[in-house]
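The values are calculated or read from the model by the stated rules, or taken from the named source; none is laboratory data. Note that the structure is a prediction, hence the values are computed from the model and not measured. Glycine gets a Cβ as well: all are built from the backbone with ideal geometry, and neighbour counts include every protein chain shown. Only protein heavy atoms, including side chains, enter the accessible area calculation; ligands, DNA and RNA are left aside. Shrake-Rupley method; radii C 1.70, N 1.55, O 1.52, S 1.80 Å.
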Amino acid sequence: MKKVSIIIPIYNTEEFLDECIYSIIKQKYENFELLLINDGSGLSCTNKINEIAKIDARIKVFHQEERKGVGVARNLGLDKATGDYIYFMDSDDYLGESTIQLLMKNIADHNMVTGKQVRTTLSHESEETAVALDAEVDQDVHLYQQNIKKAFKNRSALHRLISRDLIIERNIRFSEDVDCYADLSFILPLLVESDEVPYVKNAYYFKRKRNDPITNPALMQLDAEKRIKDFITIYNQLKDDYRDNSEATQFLDNHMINFYRKTIVTFLKEERNIEVIYNDLVSFAAKLDQQLLSKKSFIVRRELNPLVRNDRKKYESVNRWHQRLRKVKYALSGRTKLYTQLYRSVYTKLPLKEKTVLFESFLGKNYSDNPKYIYEYMIKNHPDYNFIWIFKEPGKEIPGNPKQIKRFSLKYYYYMGTAKYWVSNSRIPKRFDKREGNVYLQTWHGTPLKKLVFDMKDIHSANPNYKRDVYIQSRRWDYLISPNQYSTEIFGSAFKYDKAMLEYGYPRNDILYTGNDEATINELKRKLNIPVDKKVVLYAPTWRDNDFFEAGKYRFTLQLDLQKMKEQLGDEYVVLLRMHYFIANQLDILEFEGFAFDLSNYEDIAELYLVSDILITDYSSVFFDYANLRRPILFYTYDLESYRDTLRGFYIDIEEDVPGPLLKTTDEVISTIENIEEVENRYKEKYDRFYEKFCSWDDGIASEKVVKEVFKLK
């Protein structure tokens, strides 16, 4: 049985190593050696590599004291390899169990074979990869002959099983002069090996797209300038090395022109970037095959010809017109893009309206939360400001008569571009670049229980670029409100936030101190059309990241048995249902009229807290706010293990730290409510500790403190 040498360079990827290495150790094809090349990783990752090396005799480890780059690391692996075939992996990727066996079975008399790459942001336990990982060797093998140029379309050496004799015979090596695109010097000699290469469709390689390009980026997530300079460097070298090989030079020229159109042109949206890479552009343009260039489109020729002539003035002019045309094309491709272009090119160039404040709560869904209470303080105490409220559906009855603007209307873009102050409790869309002089108060909307952004490992929501997007958006925040010291610490790590933290408690909780009296509560009950003479249970669950219709819209299936609750509690209690604002589906509770009330669309949950005698929740942060009232809290956590271990994870030990019981069934919920005084006594000491840790900053005047700080008012 022939041996395979699997070569993996490693640089500070300890969080992915177990998954990567174990996917190899579990391969059904067992005759391999695994060469781990530690490319100068830190102590933590180095210790992890040494620990892993002990688990299997087929693992060989080679340490480099300092980082020398992926090309050097892979070349070292080639020097140390003893197998008949070479196979390259990245240390954050993983394989299906049958992958190597399928490749070996189908290489036959070829020098190379490849298989299917699956892009993923998730670990191998996810449902998305389960089917592929279960592929059996003796199932029908989907074997094709693939054109070799198509096989290397992604310019990568990963997931190719290659004859080591061929590599030695042709002295094929990786470039050691660049960090990015070092693979080009390795794959180019293989292009002349044959016209076709076997492609095994069910030999799976899971290529992880790292969801954290900020903290620990992959090579292809490095900044554009670095990638551009590396690509041009390797292109220039290989053009010289293969000047007499028309097939190789044509491959290089086509890839260079495509790279220019997709990456370089985008980088040059900022005209000042021409200065940064102009000499590099001239260097590659001088090596382009003019006959090939003459066959390209008019736009490509018009842009590259000035570089060929080294006519910088002409090139800058052409690039300027090109970028203008790109903007026009972008603007004409849809209403949203047209408005975005107007925002960037026109509205942000108008004078700032110094005393205009723009408010938005929960993506424009309602008039509520921290922005509401900041606004109401301002209209009473600083009515000389101009106030704009953004709503999905304007026309709401709210005090102060502010302008109400429809979200994503043209006026919305205008006021986003001209208002000096933005006040929002959720993320403003990424397209709104913040202009100089604009002040953005991010109020946020809760004390975090579930792991947030950069404290999360895998992303299970509809947006795999979640971390990158939040990072871009949170750089725009000038102020962030924190309700307690615990949140201050988490916001710093989860958002990578290091600007002004307003440690005053939440404005939305002011009413829990100023309105916690019988007259106010009864008035609210009448406003809500719920019985004044009955006790109220508020059920406010959160959303599940993996159960979505589309980005930002989630399903929820009601697990509480309302029929049972009505039968056993209906004489004394009513139930208010309040779903998270992300949840898109409507609950059907018509048969429980008079007992259950769906108030998911009621705008201010703080008012629902005030009228409620008991809160039932799961993993929503609502219980941190509700605890200000010192009333009973029950936790209906029927899917605790799945939610905690797979979807999110928690910052606190929910089984030890929360101020109420964890319940798994409707029967347990009913029994606990029937014995609520006993439950209150049992949890009193824990509740007091919880209140001190999470609620002690709230005092009923957080709105006043925030406004004075942000608006510099006395």
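Brief remarks follow.
- Of all residue pairs spaced 6 or more apart or on separate chains, those with beta-carbon atoms under 9 Å, a first member in region 51-69 that is free of Cβ contacts under 8 Å to residues at least 40 places away in the same chain and a second member that is assigned to a loop (DSSP other than H, G, I, E, B) and open to solvent by 60 Å² or more (accessible area, probe 1.4 Å) are ARG58/GLU30.
- Pair list, Cβ < 6 Å and 6+ apart or interchain, from region 101-121 residues that are closer than 13 Å to ASN202 by Cβ to residues that are in a loop (DSSP other than H, G, I, E, B) and of a type in the set (A, V, I, L, M, F, W, C): GLN101/VAL137
- Residue match in region 61-72 (condition: at pLDDT 95 or above, aliphatic (A, V, I, L, M), surrounded by fewer than 21 Cβ atoms within 10 Å (Cβ to Cβ) and in contact with a helix residue (DSSP H, G or I) (Cβ under 7 Å, 6 or more places away or on another chain)): yes
- Residue under evaluation GLU523, criteria (1) open to solvent by 20 Å² or more (accessible area, probe 1.4 Å); (2) in contact with a helix residue (DSSP H, G or I) (Cβ under 9 Å, 6 or more places away or on another chain); (3) among the charged types (D, E, K, R), criterion not met: (2)
- Boolean, GLN323 is under 30 Å from TYR414 (Cα atoms) and not in a loop (DSSP other than H, G, I, E, B): yes
- Number of positions in region 25-54 that are assigned to a helix (DSSP H, G or I), under 23 Å from GLN101 (Cβ atoms) and out of contact with any helix residue (DSSP H, G or I) (no Cβ under 8 Å at 6 or more places or on another chain): 1
- With respect to the conditions (1) of a type outside the set (Gly, Ala, Ser); (2) modelled with pLDDT under 95; (3) in a loop (DSSP other than H, G, I, E, B), PHE454 lacks only one, and its number is (3).
- Of the candidates SER368, SER317, the single residue that is of a type outside the set (Asp, Glu) and surrounded by 19 or more Cβ atoms within 10 Å (Cβ to Cβ) is SER368.
- Failed condition for THR99, given (1) touching a Gly at 6+ places or on another chain (Cβ under 8 Å); (2) of a type in the set (Ser, Thr, Tyr); (3) open to solvent by 10 Å² or more (accessible area, probe 1.4 Å): (3)
So that you can scan it fast, the table gives a plain yes or no per residue for (1) more than 23 Å from PRO448 (Cα to Cα); (2) within 34 Å of the chain's Cα centre (by Cα); (3) at pLDDT 95 or above:
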position: SER671; (1), (2), (3): yes, no, yes
position: GLU674; (1), (2), (3): yes, no, yes
position: GLU678; (1), (2), (3): yes, no, yes
position: ASN681; (1), (2), (3): yes, no, yes
position: CYS695; (1), (2), (3): no, yes, yes
position: ALA702; (1), (2), (3): no, yes, yes
position: LYS705; (1), (2), (3): no, yes, yes
position: PHE711; (1), (2), (3): yes, yes, yes
position: LYS714; (1), (2), (3): yes, no, no
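- For region 505-518, the candidate set comprises residues that are out of contact with any strand residue (DSSP E or B) (no Cβ under 7 Å at 6 or more places or on another chain) and either open to solvent by 60 Å² or more (accessible area, probe 1.4 Å) or in a loop (DSSP other than H, G, I, E, B) (or both); within that set, the residue that is nearest to SER482 (Cα to Cα) is GLY505.
- Residues of region 383-403 that are in a strand (DSSP E or B) and open to solvent by less than 60 Å² (accessible area, probe 1.4 Å): PHE387, ILE388, TRP389, ILE390, PHE391.
- Residue in region 687-697 that is in contact with a Gly (Cβ under 7 Å, 6 or more places away or on another chain), part of a helix (DSSP H, G or I) and surrounded by 18 or more Cβ atoms within 10 Å (Cβ to Cβ) present: no
- Of residues in region 594-627 being assigned to a helix (DSSP H, G or I), of a type in the set (A, V, I, L, M) and over 16 Å from LEU449 (Cα atoms), the one most open to solvent (accessible area, probe 1.4 Å): ILE605
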